[in-house]
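The values are calculated or read from the model by the stated rules, or taken from the named source; none is laboratory data. Since we're looking at a predicted model, the values are computed, not measured. Backbone-built Cβ (ideal geometry, glycine too); neighbour counts: all protein chains shown.
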Amino acid sequence: MTPPPPPPMPTGRFAPSPTGVLHLGNLRTALASWLSARAAGGRWIIRMEDVDGPRCRRDLGEAQLRDLEALGLTSDEPVLWQSGRRGAYRAVLEVLHEADRLYPCACTRKDLLKLASAPHAEDGLRPYPGHCRNRAWEGFDRALRLRLPEGPVAWQDRLLGSQEDDPAALTGDPLLFRRDGCFAYHLAVVVDDGAQGVTEVVRGADLRPVTATQIRLQEALGLPRPAYAHLGLVIAPDGSRLGKRGGALGLAELAARGVGAPEVVGWLGFTLGCLERPEPCAAADLIPRFDWTRVPKGEVRVPAPWAT
């Protein structure tokens, strides 16, 4: 009898977009992902999600990598830049087309405003109402959407517990290729998670609503489903979303205020349940103390002195 294949190496990833400075919420996600992978004896990789054309800059990505390294978080593999993966994404679109899962979408943002009752936040609007579902194929140089099956998707979130959504009702058919020639987030993230052997996705709770949609795409491509953990967001001292004036500080600004990398790591470790109180430390010191059962589920406020 052939023995079963060994289980995949536990693999976590951090995948920022190189459009600005990493703030405390980004850094908390990176540290949680790194700690989870290291505590499981696995590997951790960094991927730059730079498919969104002019908004993404190589120099900003390099600065983000330096900030991660300052916290002790380095990739176990060469950093993957999605801008160099266009051929792989196009090949996947061809596979989906052969399976009759793609259709062209001619809707503009103005059209979607008319078709949907309220604006939403993914590539303009959501959920997409399926207006172009019966449109004849027009080639790969059009905006393309994935035809989703109806029905709920259930998954177990390592932080939030049992979850279930119907992606067809929640997001509608997701855009995979945009009319401006850019491959969309859903396609790139799912394809690269599969290609890189990612077994765990740690990210902010604001991305939880797209999880079921991405699981449907994984199913369409025959890719394994990673485990998910959605962290509560880091918010400003006054309870507002992080912004430049509300505490969304990068390491350089914090250093200018006298807050060094060990203090940042210690505070982040405290917010992840690894420490009883914030105290300077190295990321490696937190590995034996990390446990998902101790990570708080709710939002975390930036210390007021850091934001003033």
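Here Phe140 fits the description: touching a strand residue (DSSP E or B) at 6+ places or on another chain (Cβ under 8 Å) and modelled with pLDDT under 95. Scanning region 5-39 for residues that are in a loop (DSSP other than H, G, I, E, B), farther than 26 Å from Arg58 by Cα and aliphatic (A, V, I, L, M) gives a single hit, Met9. Residue-level check: of (1) crowded, with 19+ Cβ neighbours inside 10 Å; (2) at pLDDT 95 or above, Ala154 misses just (1). Within region 12-21, the set of residues being under 14 Å from Glu49 (Cα atoms) and either among the hydroxyl-bearing types (Ser, Thr, Tyr) or within 14 Å of the chain's Cα centre (by Cα) (or both) comprises Arg13, Phe14, Ala15, Pro16, Ser17, Pro18, Thr19. The set of residues in region 136-151 being surrounded by 12 or more Cβ atoms within 10 Å (Cβ to Cβ) and either acidic (Asp, Glu) or not in a loop (DSSP other than H, G, I, E, B) (or both) consists of Glu138, Leu144, Arg145, Leu146. Here Leu249 meets each of (1) at pLDDT below 95; (2) over 20 Å from Val21 (Cα atoms) with one exception, condition (2). Among residues of region 280-308 that are touching a residue at least 12 places away in the same chain (Cβ under 8 Å), those with a beta-carbon under 7 Å from a residue that is among the charged types (D, E, K, R) and in a loop (DSSP other than H, G, I, E, B) at least six positions away or on a different chain give the pairs Trp292/Arg158; Trp306/Arg257. Taken over region 59-90, residues that are touching a helix residue (DSSP H, G or I) at 6+ places or on another chain (Cβ under 9 Å), in a helix (DSSP H, G or I) and either farther than 28 Å from Leu217 by Cβ or of a type outside the set (Ser, Thr, Tyr) (or both) amount to 8.
Restricting attention to region 43-69, the residues that are closer than 23 Å to Gly269 by Cα and surrounded by fewer than 17 Cβ atoms within 10 Å (Cβ to Cβ) total 2. Residues in region 160-188 that are buried (at least 21 other Cβ atoms within 10 Å of the Cβ), over 16 Å from the mean Cα position of the chain (by Cα), of a type in the set (A, V, I, L, M) and part of a helix (DSSP H, G or I): Ala168 only.
Let me spell it out: the conditions are (1) among the charged types (D, E, K, R); (2) assigned to a loop (DSSP other than H, G, I, E, B); (3) under 30 Å from Leu96 (Cβ atoms), and Glu219 meets all of them except one. Which number is the exception? With (1) among the charged types (D, E, K, R); (2) assigned to a loop (DSSP other than H, G, I, E, B); (3) under 30 Å from Leu96 (Cβ atoms) applied to Glu219, the lone miss is (2).
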